[in-house]
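Single-structure report; data block below.
The values are calculated or read from the model by the stated rules, or taken from the named source; none is laboratory data. Quick caveat: nothing in here was measured; it's all calculated off a predicted structure. Glycine gets a Cβ as well: all are built from the backbone with ideal geometry, and neighbour counts include every protein chain shown.
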Amino acid sequence: MLGFRGCRLAIVFPEIYDMQARAVFEAACDVAEEGDAPIPEIMIPFVITKKEFEILKGRVDAIAAEVFGKRGVKLEYLVGTMIELPRAAPTPKAWGSWSGSPANGGEPPGMG
């Protein structure tokens, strides 16, 4: 696959992922207001470096805080990624130290 996509597209044009994250969190708030307790899971695609993940997770966390504050709702949510690219594959041990995966001993993402 060639082209400019995934997390790098979102770093250059953050409004794309901001809009998508906002839609997910708004929908989760709608469901919560009906009595259910959804736990949205946001996946950041094509991440290779820790910095890419940190930038976009920060934006997702900010959008969640904004939506939850505006709606008066506090929901748990998860932010993660998949190791999809060969460049990311050699570093799976490092991913556990910063991905926030409970399976790797980190804090659950989006909970802090």
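Counting just the residues of segment 38-54 that are within 10 Å of the chain's Cα centre (by Cα) and assigned to a helix (DSSP H, G or I), which one comes out surrounded by the most Cβ atoms within 10 Å (Cβ to Cβ)? Result: Phe53. Applying a threshold of 6 Å to beta carbon distances and a minimum spacing of six or more residues, or different chains, the list of pairs starting in segment 14-28 at a residue that is closer than 13 Å to Leu56 by Cα and at pLDDT below 95 and ending at one that is surrounded by fewer than 17 Cβ atoms within 10 Å (Cβ to Cβ) and hydrophobic (A, V, I, L, M, F, W, C) is empty. For segment 55-80, a tally of residues being free of Cβ contacts under 8 Å to residues at least 40 places away in the same chain and crowded, with 16+ Cβ neighbours inside 10 Å returns 3.
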